[in-house]
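The values are calculated or read from the model by the stated rules, or taken from the named source; none is laboratory data. Keep in mind it's a predicted model, so treat the numbers as computed, not measured. Cβ: placed from backbone, ideal geometry, glycine included. Neighbour counts: every protein chain shown. Protein only, heavy atoms only, side chains kept; ligands, DNA and RNA dropped before computing areas. Shrake-Rupley method; radii C 1.70, N 1.55, O 1.52, S 1.80 Å.
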Amino acid sequence: MGLVSVLLISFCVLSISMIGTDNIVVGIPTTLDGPFKPVTVPLDKTFRGHAVDLPDTDPRVQRVVQGFEPEQISVSLSTTHDSVWISWITGDFQIGDRIKPLNPKTVASVVRYGRLRIPLIHKATGYSLVYNQLYPFVGLQNYTSGIIHHVRLTGLKPNTLYHYQCGDPSIPAMSSKYYFKTMPASGPKSYPSRIAIVGDLGLTYNTTSTVDHVIGNNPDLILLVGDVCYANLYLTNGTGADCYSCSFSQTPIHETYQPRWDYWGRYMQPVTSKIPIMVVEGNHEIEKQVENQTFVAYSSRFAFPSKESGSSSTFYYSFNAGGIHFIMLGGYIAYNKSAHQYKWLKKDLAKVDRKVTPWLVATWHPPWYSTYKAHYREAECMRTAMEDLLYQYGVDIIFNGHIHAYERSNRVYNYTLDPCGPVHITVGDGGNREKMAIAHADEPRNCPDPSTTPDEYMGGFCAFNFTSGPAAGKFCWDRQPDYSAYRESSFGHGIFEVKNETHALWTWHRNQDMYNSPGDQIYIVRQPERCPTEPKHF
């Protein structure tokens, strides 16, 4: 036997020994090895990169269709594998002192689709709308959108590629043909291959790097955990800044430049027209306007499976992706025990069958467990209202954004290490033009005044000094907290891969690394025999 043959056999044996059952790679740490000692990666001072917004002259954000041809096409999921939503916009936006909204009834909402590219044998119709962003102050420019279409496709097969075309065939104004792949059917051995998790994305040159990395990882689904395009970093005349309150402190209302939404939709279309994207609101989607209306662009531009999941709001909903049940929660709508959201959450959790969807994942924008000075303990009122409920039902993982950095926790509940608590992961590092979070609250002179920590929009104060543990009597720890396993200030995104009923691989990718090089990686392991999946007393 030659040397080459011996080496090949040795390599094959080594490869087999490195990969266990269900493709579990030996050598990657698991949560069973924890809790881990806290790690802080030193700041890479080159991290800022190109945190500059793409200008409206960039060809990737310009309108390239004619008349009422569809643009900003996107796919989103319904509650189960057999249904998806297709969304798009026809007609151009208007901005200025004199705007005249388009009539949604003048353009039909039609999707032709099928498993074969030719012919597209199925047809579905939906609804359309136009939204306005209006300001009650002289000199501010008002905005009215193009016609936004949402069509729900039903009766789809699981894990199947479908081709589709959207628009109004009577004009005619139809799109090119696109395709998407449905989720696997719900079941304990049925999972999407990869789910990309991104937060605080924006539309900068750093954003383009993040999106390129996401595409390179070939996800089946994208979760955007709030803060989409940062239109509210701009005045209505299109003047923008990294910090709105620093540059435009005298404006009578927090203005937004709504065309940034259209730029974002155009830039993202090559991705969102093929890969389903699920979005939850962030603080940059508040966008106040006349009559104290908020979140109008967010609620209008995306399709949400709210009704299908029993929700009456675009701010919170749920859906299945194979054997994963995702709960999308609203950090900027009432969440106390008497609120509609809490009552909906309680019902939704009670309906989850962990024999069918073993994995339970929750997502919202502002994190409960973050050690960065920025937004430190800002969502404490939400945590005190909802944490018990999520813990009692055995939520496995929680994804958040808001903090412009990356952080992964040990399993934690009520600030205490707990083997049955969820892993909290903050991925608010998508690439927006605001500054990266660098300072940690546990570092000298960085602990914020408690009175400054409540969220400005939600109000309320729940962040009191710790009463027990290493930080007893203090508002901040004086070292990296035990619950914080890993933190780093870099732009990037995460990939979530469920391998089986008990193991899921989490990989965080940094933009400055090669596409296949993980910045942080761990198997998150469920222990259903040890940890509750439904409350014993409720």
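Here are the numbers for the structure shown:
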item: By average C-beta atoms within 10 angstrom, highest first, the peptides 293-302, 83-92, 348-357; result: 83-92, 293-302, 348-357
item: Loop-located chymotrypsin sites (Phe, Trp or Tyr not before Pro) in the range 167-264, at most 16 other Cβ atoms within 10 Å (DSSP); result: F248
item: Whole-number percent relative contact order across the range 211-316, with pairs defined as alpha carbons under 8 Å at least 6 apart; result: 31 percent
item: Rg/Rg_globular for the range 36-86, with Rg_globular taken as 2.2 N^0.38 Å and Rg from C-alpha atoms; result: 2.09
item: Separation between Cα centres of the range 334-410 and the range 130-191, rounded to whole Å; result: 28 Å
item: Rounded if a/c under 1.5, otherwise prolate or oblate - the range 181-319, Cα gyration tensor axes; result: oblate
item: Per DSSP, loop GluC sites (Glu not before Pro) in the range 444-530 with at most 15 further Cβ within 10 Å; result: E456, E529
item: Whole-number accessible area per residue in Å² for the range 42-118, which is evaluated in the context of all protein chains at 1.4 Å; result: 55 Å²
item: Percent accessible area from carbon and sulfur atoms, the range 448-499, protein chains only, probe 1.4 Å; result: 50 percent
item: Dipole-positive endmost among Y406, V211, P367 within the chain (Cβ charges, Cα centre); result: V211
item: Whole-number accessible area per residue in Å² for the range 315-354, which is evaluated in the context of all protein chains at 1.4 Å; result: 35 Å²
item: Value of relative contact order over the range 392-530, rounded to a whole percent, pairs C-alpha under 8 Å and six or more apart; result: 22 percent
item: Anisotropy class of the range 380-490 from Cα gyration tensor, a/c 1.5 cut; result: rounded
item: Charge context of F68, other residues only, Cβ under 14 angstrom, K/R +1, D/E -1; result: -2
item: DSSP bridge orientation in the range 364-456 - percent antiparallel, rounded to nearest 5; result: 60 percent
item: Percent carbon-and-sulfur accessible area, the range 68-222, ignoring ligands, DNA and RNA, probe 1.4 Å; result: 50 percent
item: Whole-percent carbon and sulfur share, accessible surface of the range 321-400, 1.4 Å; result: 53 percent
item: Extreme residue, positive dipole direction of the chain, given options N142, V290, F302 (C-beta unit charges); result: F302
item: Solvent-accessible surface ranking, highest first, for K347, K288, K274, K45 at 1.4 angstrom; result: K45, K347, K288, K274
item: Dipole magnitude (debye, nearest 20) for the chain, charges at Cβ of Lys, Arg, Asp, Glu; result: 1360 debye
item: Dipole magnitude of the range 18-172, debye to nearest 20 (Cβ charges: Lys/Arg +1, Asp/Glu -1, about Cα centre); result: 360 debye
item: Antiparallel bridges, percent of DSSP beta bridges restricted to the chain (to nearest 5); result: 75 percent
item: Of P158, V395, I425, farthest towards positive along the dipole that unit charges on Lys, Arg, Asp, Glu beta carbons give the chain; result: P158
item: Distance violations [Cα-Cα > 31 Å] among K288/K337; K435/K474; K105/K343; K181/K499; K346/K499; result: K105/K343
item: Mean separation of Cα contacts under 8 Å, 6 or more apart, over the residue count of the chain: relative contact order %; result: 17 percent
item: Check: the range 385-538 dipole with +1 on Lys, Arg Cβ and -1 on Asp, Glu Cβ, in debye; result: 180 debye
